[in-house]
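Here is the structure we will look at, set down as structure tokens.
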Amino acid sequence: MKLEFKRKDGINTHAIECRDEGPVPYLYFPLLERTGAVRHGFSTKLGGVSRGEFATLNFTSTRGDDPEAVAENYRRFAAAIGVNEKDMVLSWQTHTTNIRICTEADRGMGITKARPYGDVDGLMTDVPGLVLVTFYADCVPLYFFDPVKKVIALSHSGWKGTVNRMGEVTVRKMQEVYGSDPADILACIGPSICRDCYEIGSDVAMEFEKAFSSDSLPGILKERPDGKYQLDLWEANRVILSEAGILKDHVAVTDICTCCNPDLLFSHRATAGRRGNLGAFLSLC
Ligand SMILES: [Zn+2]
């Protein structure tokens, strides 16, 4: 099946591609893939067994989906990207900037055993084969790979995470825990809501006005004649990663919006909340 995504005109077109020849299609970043040192993917709605508003490839049962269907979806997606679902470790997202350092003991957390933690919006590890997993339906997935120290991270950055600079928090943690140099890190901003789809009120806009410099703000926030605002989370996260010391050539920015592609991707806005969750997956080979 050949999937045609609606793409936004942008600074970084086709920074993300779709592999759709198999039974479970998935999105991937050539920037990460060509290192040959990680396995990764971002899911679509296709290729799973869930039904109704969760159809078909949903990765969480907290919204009412059948846990058996969700378990089968993990097996299918793991096979598609060449990993084992028993090696996965799942986040517990509550819009914080908390990051869990995952060790061998985390293998299977949320899959084969219950998670002993909560309020975890980022995962980080240097353990090969451990598969980090985070969840999305409009919020921004951030992928990180330091090929020198051989460290990976995945972070969930919705508007709250972005205001609190989750991308920078992740980079600082890679420096602190593993001695990463930001100039070595590759980062990818994954499928999420685009600025044309993301209308916000003045309360959220004020938070962004406080969090960003007057130089970068015009690219992030546009006030409309009716007093509402359009928010560009892709640009906001790009600015954050740049200010954290990641090089321009080391950042891939999605041009695929979840809300512009409701037949292919879960979008909270496009469905008024009746939806499943997409997954971001990342593992060191
Ligand atoms: Zn859109």
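Things worth noting here:
- From the options 44, 35, residue that is on the phi < 0 side of the Ramachandran plot and within 16 Å of the ligand (Cβ to nearest atom): 44
- Conditions (1) outside any loop (DSSP other than H, G, I, E, B); (2) touching a Ser or Thr at 6+ places or on another chain (Cβ under 9 Å): number failed by residue 177: (2)
- Only listed residue being part of a loop (DSSP other than H, G, I, E, B) and away from the ligand (no atom under 16 Å from the Cβ), chosen from 76, 63: 63
- For the range 99-111, a residue qualifies if it is touching a strand residue (DSSP E or B) at 6+ places or on another chain (Cβ under 9 Å) and either closer than 17 Å to residue 170 by Cα or open to solvent by 70 Å² or more (accessible area, probe 1.4 Å) (or both), and the qualifying residues are 99, 100, 101, 102, 103.
- Verdict on residue 139 being in contact with a helix residue (DSSP H, G or I) (Cβ under 9 Å, 6 or more places away or on another chain), within 16 Å of the ligand (Cβ to nearest atom) and open to solvent by less than 10 Å² (accessible area, probe 1.4 Å): no
- Residue within the range 159-171 that is buried (at least 22 other Cβ atoms within 10 Å of the Cβ), in contact with a Ser or Thr (Cβ under 8 Å, 6 or more places away or on another chain) and assigned to a strand (DSSP E or B) present: no
- Single condition residue 183 does not satisfy, out of (1) small (Gly, Ala, Ser); (2) closer than 27 Å to residue 33 by Cβ; (3) open to solvent by less than 30 Å² (accessible area, probe 1.4 Å); (4) more than 16 Å from the ligand (Cβ to nearest atom): (3)
- The lone exception for residue 70 - which of (1) of a type in the set (Val, Ile, Thr); (2) open to solvent by less than 20 Å² (accessible area, probe 1.4 Å); (3) not in a helix (DSSP H, G or I) it fails: (3)
- In a residue-by-residue description of the range 187-195, the property of being open to solvent by less than 20 Å² (accessible area, probe 1.4 Å), within 16 Å of the ligand (Cβ to nearest atom), touching a residue at least 24 places away in the same chain (Cβ under 8 Å) and hydroxyl-bearing (Ser, Thr, Tyr) applies to at least one position.
The values are calculated or read from the model by the stated rules, or taken from the named source; none is laboratory data. Keep in mind the model is a prediction, meaning the values are calculated, not measured. Note that we place each Cβ from the backbone using ideal geometry, even for glycine, and neighbour counts take in every protein chain shown. Each accessible area value is taken on the protein alone, full model and side chains, heavy atoms only, with ligands, DNA and RNA left out. Shrake-Rupley method; radii C 1.70, N 1.55, O 1.52, S 1.80 Å.
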